[in-house]
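Novice: Attaching a single structure in structure tokens format; questions to follow.
The values are calculated or read from the model by the stated rules, or taken from the named source; none is laboratory data. Here the structure is a predicted model, which is why all the values come from computation and not from measurement. All Cβ positions, glycine included, derive from the backbone under ideal geometry; neighbour counts span all protein chains shown. We work out accessible area using only protein heavy atoms, side chains counted, and drop any ligands, DNA or RNA first. Shrake-Rupley method; radii C 1.70, N 1.55, O 1.52, S 1.80 Å.
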Amino acid sequence: PINCSLWNSSNPVKIPLCPIISPFLVGVKTPVVDLSIEWEDVFAKYDVVRCNGHLKPSSCQARQKVALIVPFRDRYGHLKVFLNHIHPFLMRQQLDYKIYLIDLDDDILFNKGLLLNVGFLESGKEYDYDCYIFHDVDLLPENDHNLYRCSDQPRHMSVAVDKFNYKLPYVSIFGGVSAMTKDQILFVNGFSNQFSGWGGEDDDMFNRLKFHNMTLMRSMDDVSTYKMLKHKQSHPNPKRFKLIKTGMERVKQDGVKNLQYEILKRNEFPLYTYIKITI
Ligand code: NGS
């Protein structure tokens, strides 16, 4: 078991850095989509030791501290399958990580960009993360060589999704799964908070990266393969194209800086932290 006091003391005992490539990687592992799996079974399966809510490798110091930010609305069926798949996947990568589920007041139209911004701000308050991974709950990585870590430029990770025949659907896509460091997020002022309803907040982020002369990296498509869970089409935001067009006029005021919200609920569950907010 992990001795948490070693990690938390001001003079931590030196344990070696984890290898660059974890010895536990297995490559392709087809996700098991068992919607009837019981919550108890998922919790029991990953009854892991946590230090202050974080999962860490016990024998070595993780190379990156990763916050996985999952925007969420009432998809508990998908969440079960997602957690059942993603925990062993991340453990095999020897990461120091925590999963944050960010939910919005039910009376407010879903707003993914806003929730991703809140996830970044709230997780950053409790730990000095090296990397923030923005992750849809319906995407399951199929190959653990797809490393959940950040690079010196923002990275799009869900490059090859089964729904799109494992091909990039369009060249500027940045949605699904993406990885950015704190500095990269702050540099572009995070996501726009204006995209209520489905679609466009990721295209606006692509424009923010371009506007700030950043180079978008993409993971290799042979390892960045994902299975997408089936769901009903959400309500597309009819204003999204206009918002994308005018996005760069608002980039300074519309983002993580000066974002106002109120926390309605915060629960530390064994496998994730749940935060519900209102604006
Ligand atoms: C585009 C959306 C993106 C979205 C992408 C993939 O059309 O926000 O589809 O969506 N852009 C606009 O609507 C302007 S997916 O099929 O993966 O849900 O990420």
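Novice: Is it the case, given these coordinates, that Ile185 is among the aliphatic types (A, V, I, L, M) and in a helix (DSSP H, G or I)?
Specialist: Yes, satisfied.
Novice: Does at least one position in the range 173-188 carry a residue that is near the ligand (Cβ under 10 Å from one of its atoms) and among the acidic types (Asp, Glu)?
Specialist: no
Novice: Here is a list: Asn207, Asn267, Asn213. Which entry is polar (S, T, N, Q), at pLDDT 95 or above and outside any loop (DSSP other than H, G, I, E, B)?
Specialist: Within the list Asn207, Asn267, Asn213, the selection yields Asn207.
Novice: Please work out which one of (1) open to solvent by 10 Å² or more (accessible area, probe 1.4 Å); (2) under 29 Å from Phe24 (Cβ atoms) is the condition Pro169 fails and give its number.
Specialist: Tallying (1) open to solvent by 10 Å² or more (accessible area, probe 1.4 Å); (2) under 29 Å from Phe24 (Cβ atoms), Pro169 fails exactly one: (2).
Novice: Here's something else I'd like to know. Can you tell which of Lys163, Lys167, Lys125 is within 16 Å of the ligand (Cβ to nearest atom), in a helix (DSSP H, G or I), over 16 Å from the mean Cα position of the chain (by Cα) and of a type in the set (Lys, Arg)?
Specialist: It is Lys163.
Novice: How many of the residues in the range 187-196 are crowded, with 17+ Cβ neighbours inside 10 Å and closer than 18 Å to Asp152 by Cβ?
Specialist: So the first thing to find is which residues in the range 187-196 are crowded, with 17+ Cβ neighbours inside 10 Å, and the list is 188-196.
Filter again for closer than 18 Å to Asp152 by Cβ, leaving 188.
Matching residues across the range 187-196 total 1.
Novice: Those residues that are open to solvent by 10 Å² or more (accessible area, probe 1.4 Å) and assigned to a helix (DSSP H, G or I), I need them from the range 64-115; list them, please.
Specialist: Scanning the range 64-115 gives Tyr76, Gly77, His78, Lys80, Asn84, His85, Pro88, Met91, Arg92, Lys112.
Novice: Quick check on my filter: what residues within the range 197-223 are away from the ligand (no atom under 13 Å from the Cβ) and open to solvent by less than 60 Å² (accessible area, probe 1.4 Å)? Break it down stepwise before answering.
Specialist: Restricting attention to the range 197-223, the residues satisfying the condition of being away from the ligand (no atom under 13 Å from the Cβ) are 208-223.
Scanning the range 197-223 gives Arg208, Leu209, His212, Met214, Leu216, Ser219, Val223.
Novice: Give me the residue from the range 29-87 that is modelled with pLDDT of 85 or more and among the hydroxyl-bearing types (Ser, Thr, Tyr) and, out of that set, nearest to the chain's Cα centre (by Cα).
Specialist: Per the criteria, the residue is Tyr76.
Novice: Just to verify a result, which residue in the range 234-256, among those that are open to solvent by less than 50 Å² (accessible area, probe 1.4 Å) and of a type in the set (S, T, N, Q), is modelled with the lowest pLDDT?
Specialist: Taking the candidates together, the pick is Ser234.
Novice: Still on this structure, I have one more. Could we say that Phe120 is in a strand (DSSP E or B) and open to solvent by less than 30 Å² (accessible area, probe 1.4 Å) here?
Specialist: Numbers: in a strand (DSSP E or B): no; open to solvent by less than 30 Å² (accessible area, probe 1.4 Å): yes.
No; evaluated as a whole, the condition is false for this residue.
Novice: Quick check on my filter: what residues within the range 135-156 are within 13 Å of the ligand (Cβ to nearest atom) and either aliphatic (A, V, I, L, M) or farther than 24 Å from Ile21 by Cβ (or both)?
Specialist: Asp136, Val137, Asp138, Leu139
Novice: Does the range 239-274 hold any residues that are in contact (Cβ under 8 Å) with a residue 60 or more places away in the chain and closer than 24 Å to Asn207 by Cβ, and which are they?
Specialist: Answer for the range 239-274, where residues must be in contact (Cβ under 8 Å) with a residue 60 or more places away in the chain and closer than 24 Å to Asn207 by Cβ: Val251, Lys252, Asp254, Gly255, Val256, Lys257, Leu259, Tyr261.
Novice: Sticking with this structure for a sec: Consider only pairs whose beta carbons are under 6 Å apart and that are at least six residues apart or on different chains; among these, list those whose first residue lies in the range 36-54 and is within 13 Å of Ile99 (Cβ to Cβ) and open to solvent by less than 50 Å² (accessible area, probe 1.4 Å) and whose second residue is modelled with pLDDT of 80 or more and assigned to a strand (DSSP E or B).
Specialist: Val48/Leu55; Gly53/Lys98; Gly53/Glu268; His54/Asp96; His54/Lys98
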